[in-house]
Amino acid sequence: MGRSSSRLKYARRGGALGLGLVLLAVAWPASAQGWLTGAFAAPGSGATVAEPSQEVWAGADVSARSWSAYTGIMAALFGSLQADGWRVRAVGGYGAYAYSKHGIKVRGDVSYTDVLVGAHRQLGPLTVKAFVGVSTEAHVLTPLDLDNEALGAALGAKAVLETWLELSPRSWASIDLSGSTVHGGDYAARARAGYRIWPELSLGLEAAATGDGEYGSGRGGAFLRYTWASGEVSAAAGASIDRTGESSGYGALNALYRY
């Protein structure tokens, strides 16, 4: 079976593909600056308040044989999230998966954390974020499967690249890539294309791939994303297939708040 943990990595934000993800990992508010909105207006005052310097998020990813829940935080080291500069990010999550070996069902429980440092850069309609840091992952298998390379805890290096492009006032696209050396190395990639039905609501398509030297899978589906001045929520659903030809559906939900 190899490293079944790849089933979970769509959900790791920051990496996420995520879980992430996620994954992140993984959608950002609609605006002229891609991921970020403008200065906040104090209700009823006609004045603006300090721009946000931090954001937090949480989400979940579910498929036929796995699920994952995660949370994360990112902060601008100097100034606001609106401006170019240095960023720090931390992500943590927990999940479970299952696979069959010699007719026996093996259950895996996994926990993971990422601690990353990076930079945000605005290049006209293109927004780029790049991060490097450390990632940890721990797997517990029941019953014990000594042939699974992901068994136990491991520490490794991780790199993340996230891009967002404003194609027009109504359309946008994003590509997120990540890779780590944990448990021998893995990768994750996700692309999205969205169309703003209304300024706050986007509808679009997504495709993603994740895997390592032994296991890999891909997925494709549709998503909805609703944004407001200080946050967003997004939901996605579709179908996935792995290298063995096994297919299933998936669903994902994510919420973000900026302050």
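The values are calculated or read from the model by the stated rules, or taken from the named source; none is laboratory data. This structure is a prediction, so every number in the text was calculated from the model and none was measured. Note that we place each Cβ from the backbone using ideal geometry, even for glycine, and neighbour counts take in every protein chain shown.
Numbers for the structure displayed
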item	result
The range 188-233, residues that are aromatic (Phe, Trp, Tyr) and over 21 Å from Gly249 (Cα atoms)	Tyr195, Trp198, Tyr226, Trp228
Residue in the range 198-214 that is of a type in the set (D, E, K, R), part of a loop (DSSP other than H, G, I, E, B) and in contact with a Gly (Cβ under 7 Å, 6 or more places away or on another chain) present	yes
Test set (1) surrounded by 21 or more Cβ atoms within 10 Å (Cβ to Cβ); (2) within 16 Å of the chain's Cα centre (by Cα); (3) under 18 Å from His183 (Cβ atoms) - Phe131 fails condition number	(3)
Single condition Ser68 does not satisfy, out of (1) modelled with pLDDT of 50 or more; (2) assigned to a loop (DSSP other than H, G, I, E, B); (3) in contact with a Lys or Arg (Cβ under 8 Å, 6 or more places away or on another chain)	(2)
Whichever residue in the range 71-97 is within 30 Å of Gly108 (Cα to Cα) and more than 16 Å from the chain's Cα centre (by Cα) and, among such residues, is modelled with the highest pLDDT	Ala96
Extreme residue, surrounded by the most Cβ atoms within 10 Å (Cβ to Cβ), among residues of the range 55-100 that are hydroxyl-bearing (Ser, Thr, Tyr) and more than 20 Å from Leu141 (Cβ to Cβ)	Tyr70
Considering residues of the range 103-127 that are out of contact with any strand residue (DSSP E or B) (no Cβ under 7 Å at 6 or more places or on another chain) and not in a strand (DSSP E or B) only, the residue surrounded by the most Cβ atoms within 10 Å (Cβ to Cβ)	Gly124
